[in-house]
Every structure is written in structure tokens, then in C-alpha cells.
Amino acid sequence: MGRKIIYECIDAGSDYCPCYLAETNDCITCSHLQGKDFCDCNWRGVCIFQEYMWNGKKAKLARKNFMGKVLDKEVIGDNLIIFKIAVTKSFARDLKQPGSYVFIRDPNKQEYFDIPMSIMYADDNKGEIHIAVQIIGTKTKTLLSVEDEINIRGPYWNGILGLKELKTLKNANTLIVARGAALAPAVNILKYLVRNNNKITLLMDKGKFDNIFIDDYIDESRILTIDMDIMSDKGKLIIQELIRNNNYDLCFSGGSDVQHKDINEFLKELSPHTRYVVTNNRQICCGEGICGSCSIRIGNKTLKACKSQIEPAYMFEKGEI
Ligand code: FES
């Protein structure tokens with residue numbers, strides 16, 4: 001018999017659960033809300049079906065759009081903008097979790113210009129978030145003209161896969177490998193790991209940018225940093241040597257699926273006990289499990305990757321990636 005796919009809805013038990021998917025019998029977690037007449041979910045929080053009934057058989061309120069004040073906008077080279085945006089303290093607190101992201105857009109543009117962007121840094125004392133945007137296509141180019149205000153929708157949390165592995169880690173030894181735009185979500189992860197007293201080796205690759213843009217966010221006294229070309233033959237050898245010799249408890253890969261797969265192979269061979277966490281690279285469009293653009297086929301099941309926390313190693317083994 002095949003191994004059961006391990007996945008959980010990122011929004012289960014949150015302020016946004018049950019969501020629209022419950023109304024159409026497409027809930028990711030609850031079998032009753034999938035149209036079945038029995039309960040076989042493995043969710044251990046508040047019963048989603050009961051919440052749905054108490055809410056008058058309706059989804060809870062969806063995430064709202066609001067205007068964030070742009071405190072600073074730094075254009076770096078010809079393909080990077082770093083926005084610093086004022087938000088409420090509670091909104092910033094929601095976004096301190098690794099893997100957090102929001103949709104942003106120029107307020108003068110329509111909703112289909114919404115772009116999902118990782119939170120690089122969230123300060124809940126000041127009520128401030130920092131976002132790094134790679135200027136790469138039509139949507140991101142429109143952000144060059146944003147000045148005083150920016151449209152925001154969120155919070156969302158499924159920007160990385162393997163979140164539970166990361167969130168249960170304390171006083172452990174970790175390897176963080178981040179390239180290009182994935183340096184941004186790596187900062188939020190680093191802050192989380194430092195808060196939990198983990199030892200960190202950070203391999204940074206500027207990718208298509210002129211420079212490593214996260215230097216100001218890294219506490220060098222807590223993190224061993226190495227600048228390198230991760231995808232080169234030499235870079236891959238360095239990663240293998242580090243994995244072989246350091247008995248890491250957790251490894252994070254931020255970058256392309258090719259990078260994720262390479263590191264997955266290194267871990268399988270050299271350190272099978274190491275927990276693996278990766279950036280979620282599926283095409284996220286609505287973020288709500290509605291549009292299907294993020295769908296991924298794993299075994300005989302189709303999952304919505306914007307909502308589903310999937311075990312990365314299994315996804316690379318069995319998924320159509
Ligand atoms: S992004 Fe729309 S369903 Fe996942």
C-alpha cells in the first residue's frame with residue numbers, strides 16, 4: 001500500500017476558518033465539509049464542521065484589502081525594490097511567522113494586479129513590514145510607480161512548506177540556503193530561528209541581483225554567513241560537505257525547485273534525519289484555494305499548494321514537479 005500523503009490546511013483553526021471551500025464541500029481538512037457523512041480528519045484543533053454550523057453554515061469573513069502607508073521605498077539596481085510599510089501592530093505580529101506573505105498592488109490598478117510577496121521582516125512594536133520585490137514582469141513593474149500608499153491583502157502563511165518542522169525547533173543546528181528573491185523570506189526564518197536559540201549557518205547567493213540585499217537584517221554575531229554561487233558545481237560540493245560534516249537538525253532551501261531537489265538528494269544520501277523546509281514555489285494567484293493555479297498532483301491526489309502544508313521530501317519524491 002502507498003504511503004499516505006501528509007498535508008494540513010495552513011488556515012485550519014485560524015480566524016479565516018472555515019473558508020469558502022466549506023460552502024462548496026471542498027474543505028481541505030474536514031470530511032463532513034467534503035460532502036462525506038463520516039468524520040475521518042486528523043485535525044486536532046477546534047472542530048471545523050462545528051464552527052461552520054455555529055457560523056450559520058457560512059464561511060468566516062475573508063481577508064480584507066486595506067491601504068498601507070509607504071514609509072520608505074528603495075530601488076536597488078534595475079530589478080529590486082524594498083518597501084517599508086506601516087501597518088497595525090497586530091497585523092505585523094501575524095506576519096512574524098516564517099512563510100508569511102501578503103498580496104500587494106498599486107492602488108490605482110485593478111485586483112488582478114495583486115502580487116503575492118513574502119514578508120522579509122515584520123516589526124510588531126513599530127507596526128511595520130518590509131517587503132523585497134524583484135521587478136520581473138508586468139505586475140511587478142507597476143509597483144515602481146507606487147509612492148505614498150500601497151494596497152495590501154493578508155495575512156497569508158503558506159509561503160514555505162515544512163512549517164511545523166521549523167516551528168518546533170529549539171537549540172538546534174540549522175543550515176539555511178537562500179538564493180535571489182528567496183533571501184527575503186529567509187530573513188523572516190532567520191529571525192525566528194535566532195529567537196529560538198538555534199545555531200545557524202547561512203549560505204547566501206545574490207542570484208540575479210547586483211548584491212546581497214539582506215545584510216542589514218542579519219545579526220552576524222548569531223549567524224555564520226557564507227556568500228557563494230549555490231548552483232555552481234563548487235557550490236554544490238560545499239553544500240554536500242557541510243551536510244556531511246555538521247549533523248544538521250534542519251535545512252531550509254529558498255530558491256528554485258531545481259535547487260530544492262538537489263538539496264533533497266544530498267540530504268537523503270548524507271543526512272536522512274535532517275528535517276527539510278523549502279519555499280513554496282507553486283504559482284499562487286488567489287491564495288484562498290479558489291482559482292486552482294497552485295494545484296499540484298501528488299500520487300493520486302491533487303492538492304492546492306496555497307493552502308496545504310505538504311511534507312517537502314515526499315512532494316519531491318512523488319509530486320509532479
Ligand atoms: S492560488 Fe488559487 S487555489 Fe491556490
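State, as an integer percentage, the relative contact order of segment 160-287 based on alpha-carbon contacts under 8 Å between residues 6 or more apart.
Rounded, it is 32 percent for segment 160-287.
Just from its helices, what would the mean residue ellipticity at 222 nm be for the chain, if runs of 4 or more DSSP H residues each count -39500 (n - 2.57) and the sum is divided by every residue, rounded to the nearest 500 deg cm²/dmol?
It lands at -6500 deg cm²/dmol.
Got the relative contact order for the chain handy, in percent, Cα pairs under 8 Å and 6 or more residues apart?
16
Roughly how many Å² is the accessible area per residue of the chain, as a whole number, for a 1.4 Å probe?
Value returned for the chain: 48 Å² of accessible area per residue.
Mind jotting down the distance between the C-alpha centroids of segment 208-244 and segment 104-141, whole Å?
Using only Cα atoms, the two centres lie 25 Å from each other.
Got a sec? Charge dipole of segment 160-287, +1 on Cβ for Lys and Arg, -1 for Asp and Glu; which of 272, 258, 217 is way out at the positive end?
Going by the Cα projections, it comes out as 272.
Nothing charged except the Cβ atoms of Lys and Arg (+1) and of Asp and Glu (-1): what's the magnitude of the dipole of segment 160-287 about its Cα centre? Round to the nearest 20 debye.
520
Nothing charged except the Cβ atoms of Lys and Arg (+1) and of Asp and Glu (-1): what's the magnitude of the dipole of the chain about its Cα centre? Round to the nearest 20 debye.
In total the dipole reaches around 800 debye.
Sticking with the crude label model, points 7 Å out along Cα→Cβ, report the distance from residue 25 to residue 67 in nm, one decimal please.
4.4
Considering only DSSP beta bridges where both residues belong to the chain, give the percentage that are antiparallel (nearest 5).
Looking only at bridges with both residues in the chain, the antiparallel portion is about 65 percent.
Could you check how much of the accessible area of the chain is carbon and sulfur, as a whole percent, using a 1.4 Å probe?
Result for the chain: 48 percent of the exposed heavy-atom area is carbon or sulfur.
How do the peptides 219-228, 285-294 rank, highest first, by the average count of neighbouring beta carbon atoms within 10 Å per residue?
Ranked from most to least packed, the peptides come out as 285-294, 219-228.
Sort 37, 114 by heavy-atom solvent-accessible area, probe 1.4 angstrom, most to least.
My answer, sorted largest first, is 37, 114.
The values are calculated or read from the model by the stated rules, or taken from the named source; none is laboratory data. Values in this document were obtained by computation on a predicted structure and should not be read as measured data. For neighbour counting, all protein chains shown are included, and Cβ atoms are generated from backbone atoms with ideal geometry for every residue, glycine included. The accessibility values were calculated without ligands, DNA or RNA, using every heavy atom of the protein model including side chains. Shrake-Rupley method; radii C 1.70, N 1.55, O 1.52, S 1.80 Å.
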